[in-house]
1. Which percent of the accessible area of region 51-133 is formed by carbon and sulfur heavy atoms (probe 1.4 angstrom)?
2. What is the sum of charges, Lys and Arg at +1 and Asp and Glu at -1, for the other residues whose Cβ falls under 15 Å from the Cβ of residue 58?
3. Where in region 50-80 does the amide nitrogen come within less than 18 Å of the point 7 Å from the Cα of residue 29, taken along Cα to Cβ?
4. Using the Cα gyration tensor of region 40-91, with a ≥ b ≥ c the square roots of its eigenvalues, what is the shape: rounded (a/c below 1.5), prolate (a/b larger than b/c) or oblate (neither)?
5. Calculate the all-directions average of the projected area of the chain's alpha-carbon convex hull, and give it in nm².
6. What FRET efficiency comes out for residue 36 versus residue 79 if R0 is 35 angstrom and r is the Cβ-Cβ distance? Round to the nearest 0.05.
7. Quote to one decimal, in nm, the extra length available between residue 132 and residue 168 on full extension: 0.36 nm per residue of separation minus the C-alpha distance between them.
8. Report the local net charge at residue 169: Lys and Arg +1, Asp and Glu -1, summed over other residues whose C-beta lies under 10 Å from its C-beta.
Amino acid sequence: MIHIIKKVIGGIDALNDRTGKIASFLMPLLIIFETYEVISRYMFGHPTIWITELSAMIFGTFILLGGGYTLRHGAHANMDILYGTLPKRGKALMDLITFFLFLAFVGILFWQGGQMAWRSVAMLEHDSTEWAPPLYYFKMTLPIGAGLLLLQGLAKFLKDLIILVKGEF
């Protein structure tokens with residue numbers, strides 16, 4: 001049984017690793033757009049009407065799709081004053097206890113984000129600005145990102161259970 005659980009965890013880890021690495025390619029794109037905006041605005045006196053919105057969408061997509069990757073690699077913020085002093089099993093127990101707060105937060109994010117994305121897709125929502133880009137593509141990243149984070153949280157929960165019982169993963 002543990003072997004099957006470890007395979008499932010490995011699959012979730014691999015999925016979030018791939019997604020996180022793909023999302024990381026958005027950062028150079030964001031840098032290029034922002035550099036273009038700065039040059040256009042300050043050197044030529046012609047700011048764009050679209051880069052600010054596009055940058056927010058790119059950065060939001062990066063954050064949402066990178067959440068599971070960040071959790072997988074333990075890069076989210078922790079209260080290390082207490083947590084950092086705990087042994088491996090103590091950390092696993094603390095993570096198991098706080099998992100239900102995580103589950104509530106990410107579950108609501110997934111549920112509400114899914115409803116918002118569904119409404120946006122159903123109406124083919126566009127922004128109300130002069131540029132008026134489609135928003136439904138961007139809004140779809142919310143439930144996708146929350147789903148990836150939820151999967152990674154479940155994988156971490158299972159890892160922590162194994163650590164608590166066996167002392168190692």
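The values are calculated or read from the model by the stated rules, or taken from the named source; none is laboratory data. For clarity, every value in this text was computed on a predicted model and none was experimentally measured. Glycine also receives a Cβ, built like all others from the backbone with ideal geometry; neighbour counts cover every protein chain displayed. Heavy atoms of the whole protein, side chains included, go into the accessibility calculation; ligands, DNA and RNA do not. Shrake-Rupley method; radii C 1.70, N 1.55, O 1.52, S 1.80 Å.
1. Numbers: 3840 of 5420 Å².
C and S fraction of accessible area: 71 percent.
2. Details: positive: 139; negative: 34, 37, 53, 127.
Net charge in that neighbourhood comes out at -3.
3. Backbone N within reach: 50-69.
4. Working: a/c = 6.42, a/b = 3.17, b/c = 2.03.
Taking the square roots of the gyration eigenvalues as a ≥ b ≥ c, region 40-91 is prolate.
5. Working: hull surface 49.9 nm².
Average projection, Cα convex hull of the chain: 12.5 nm².
6. On the way: r = 40 Å, r/R0 = 1.15.
According to the calculation, E is roughly 0.30.
7. Working: separation 36, 0.36 × 36 = 12.96 nm, distance 5.21 nm.
Stretched out fully, the residue 132 to residue 168 stretch lengthens by 7.7 nm.
8. Values: positive: 6, 88, 159, 166; negative: 160, 168.
My count for the surroundings of residue 169 gives +2.
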